[in-house]
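*Asks:* This is the structure I have questions about; it appears just below.
The values are calculated or read from the model by the stated rules, or taken from the named source; none is laboratory data. Everything numeric in this text was worked out from a predicted model, so none of it was measured. Cβ placement follows ideal geometry from the backbone for every residue including glycine, while neighbour counts extend to all protein chains displayed. Ligands, DNA and RNA are excluded from the accessible area calculation, which covers all protein heavy atoms including side chains. Shrake-Rupley method; radii C 1.70, N 1.55, O 1.52, S 1.80 Å.
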Amino acid sequence: MAISLDDPRKFRQLTGQAHQVAMNMLRPISRKYDAAEHAYPVELDMLAAMIDGLSESGAGEGAGAAGVRRESASSEQGGVRNGTNLASVMSIAEMCWGDVGLLLSMPRQGLGNSAIASVADDEQQARFAGVWAAMAITEPGTGSDSANISTTAVLDGDHYVINGEKIFVTSGDRADAVVVWATLDKSLGRAAIKSFVVPKGTPGMTVERLERKLGIKASDTATIRFEDCRVPADNLLGSPEVDTQQGFAGAMATFDNTRPLVASMAVGCARASLDLTRELLAEAGVSVDYDRPGINQSAAAARLLQMEADWEAAYLLMLQAAWMADNRQPNSLEASMAKAKAGRVGSDITLSCVQLAGSLGYSEAELLEKWARDSKILDIFEGTQQIQQLIVARRVLGLTSAELR
Ligand SMILES: Cc1cc2nc3c(=O)[nH]c(=O)nc-3n(C[C@H](O)[C@H](O)[C@H](O)COP(=O)(O)OP(=O)(O)OC[C@H]3O[C@@H](n4cnc5c(N)ncnc54)[C@H](O)[C@@H]3O)c2cc1C
């Protein structure tokens, strides 16, 4: 199947609306919540209600979490589909042109929602519809090596009892529920890792503190302790069976979905920096001619052209990963490629734009310095740059995680 490089026409209205929201609702409050870390952006409630309304009417195809489901990856279907995953990455990129931290704070659009969309069975999809869910994988002793988690879940009657500590949980304080990764039996390795939906307020679940951070300050990042925290057994997402053949695939399917979304955040934030830098350069008398080689233009214009090319490559990889998901094609390799490229060039572009704009770029008079701070996390969470490269190398070389680490 061929990929058309044009933006799908049917999404132009959606991306246009997302751009308007970013410009008129997110940008005006961007600085306010960058300064007021941990304050809840109340303005988002109205926006979330609007998005819910659009989704219910069917008009706002996929403003947030969509599922990439490995079990249906091979199902045959005719034609080329541009569906929810493509709509999600394109609209999220537009929203992050407005503000990444605020996008991450949007009610009901959490990374845990993507986990539910990817792993939950039909009954669970229905039961958790409309629930705002954060995702808790990282622990004090486990970051990139997520197969090593120590949080435990032990079956006791018709409940699982969860014990452990999770750190750096995005929206961990504000969300309605947290999707927690825990092991049923550490001696059985990664196949025993399952995810559990733990509703906020469940006894034994305590938000201990919020982090102060370099960027995305509008987004809350929580440490959560689980002490004999009991959740109904049917809150385990997917199958409770420990299938050592399948290994980590169940829980990992979430990343096929979330990595393109994180790539789209980096694409959106970098686009914002490029657009503003081009305007500032024009005001300073430097125009960029897209029809002439960079080498024949000023150094600033040549750098901007180079960054535009990097951006375009990241954008296309993002589209590819989402498009494959819509067309039920396994996309783990492409999801990691998109995340690695967009995470890296996103940080590079936003910081280079600070450099090109000089003192104006560094000062709070413009948002360039904020975007450079905000974009760094997109090269870290949901798997760091180095981890994405490791995954790509393993898949290209046909090596297992034990063979290439
Ligand atoms: C603001 C913020 C929000 C977050 N939100 C969430 C969330 O919602 N849910 C959640 O579960 N987690 C979240 N995280 C955690 C995030 O996913 C982890 O920070 C990330 O996975 C890296 O883990 P680590 O910090 O332990 O670093 P480490 O794994 O200790 O890595 C440190 C460095 O070593 C490199 N490295 C590690 N292993 C290798 C290797 N094999 N080869 C080469 N280099 C390697 C890494 O790339 C990195 O540069 C968040 C973190 C932050 C800062």
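*Asks:* Keeping all protein chains in place, calculate the accessible area per residue for the chain (probe 1.4 angstrom), answer in Å².
*Replies:* Using a 1.4 Å probe on heavy atoms only, each residue of the chain averages 43 Å².
*Asks:* Here is a follow-up. So what's the back-of-envelope 222 nm ellipticity for the chain, counting only DSSP H runs of four-plus at -39500 (n - 2.57) apiece and dividing by all residues, rounded to 500? Show your work: numbers first, answer last.
*Replies:* Numbers: 13 runs with 184 residues, N = 405.
The helix contribution divided over the chain gives -14500 deg cm²/dmol.
*Asks:* For the range 275-395, taking Cα atoms only, what is the radius of gyration to one decimal and the Dmax to the nearest whole Å?
*Replies:* Over the range 275-395's Cα set, Rg and Dmax evaluate to 16.4, 48 Å.
*Asks:* A further question on this structure: Between the range 337-351 and the range 288-303, how far is it from one alpha carbon centroid to the other, in angstrom?
*Replies:* 22 Å
*Asks:* Which of the residue pairs LYS10/LYS200; LYS166/LYS217; LYS200/LYS341; LYS194/LYS370; LYS10/LYS166 have a Cα-Cα distance greater than 29 Å in the structure shown?
*Replies:* Violating the 29 Å limit, Cα to Cα: LYS10/LYS200; LYS200/LYS341; LYS194/LYS370; LYS10/LYS166.
*Asks:* Moving on to the next point. Determine the share of the chain's accessible area contributed by carbon and sulfur atoms, expressed in whole percent, with a 1.4 angstrom probe.
*Replies:* It is 53 percent, rounded to a whole number.
*Asks:* I would also like to ask the following. As an exercise, identify the GluC sites (Glu not before Pro) in the range 75-159 lying in DSSP coil whose Cβ has no more than 12 other Cβ atoms within 10 Å.
*Replies:* GLU76
*Asks:* Report D for the chain in µm² per second (integer): Stokes-Einstein, Kirkwood Rh on Cα pairs, 20 °C, 1.002 mPa s.
*Replies:* This corresponds to a translational diffusion coefficient of 99 µm²/s.
*Asks:* List the GluC sites (Glu not before Pro) within the range 358-401 that fall in a DSSP loop (any state other than H, G, I, E or B) and whose Cβ has at most 15 other Cβ atoms within 10 Å.
*Replies:* Those satisfying the criteria are GLU364.
*Asks:* A further question on this structure: Under the rule a/c < 1.5 gives rounded, and otherwise a/b versus b/c splits prolate from oblate, where does the range 105-220 land using the Cα gyration tensor?
*Replies:* Note, shape of the range 105-220 comes out oblate.
*Asks:* Round to the nearest 10 and report in Å² the accessible area of LYS217, as given by a 1.4 Å probe over the protein chains' heavy atoms.
*Replies:* It works out to around 40 Å².
*Asks:* If you don't mind, another one. Kindly report, to the nearest 10 Å², the accessible surface of ASP156 as traced by a 1.4 Å probe over protein heavy atoms only.
*Replies:* My reading of the accessible area for ASP156 is about 80 Å².
*Asks:* Could you sort MET337, MET307, MET46 by their accessible area in this structure, using a 1.4 Å probe and putting the largest first?
*Replies:* Details: MET337 60, MET307 0, MET46 120 Å².
Of MET337, MET307, MET46, the descending order of accessible area is MET46, MET337, MET307.
*Asks:* A follow-up question, please. Using a Förster distance of 56 angstrom, determine the FRET efficiency expected from the C-beta separation of THR206 and SER298, and round it to 0.05.
*Replies:* Computed FRET efficiency for THR206 and SER298 comes out at 0.50.
*Asks:* Right, something else. Note down the nm distance, to one decimal, between modelled labels 7 Å out along Cα→Cβ at ASP185 and at SER363.
*Replies:* For the pair ASP185/SER363, the computed spacing is 6.5 nm.
*Asks:* Next question, about the same structure. Given the protein chains as shown and a 1.4 Å probe, how many square angstrom of LYS376 are accessible, to the nearest 10?
*Replies:* Accessible area, nearest 10 Å²: 80 Å².
*Asks:* Quick check: the distance between the Cα centres of the range 142-192 and the range 206-225, to the nearest angstrom?
*Replies:* About 18 Å separates the Cα centre of the range 142-192 from the one of the range 206-225.
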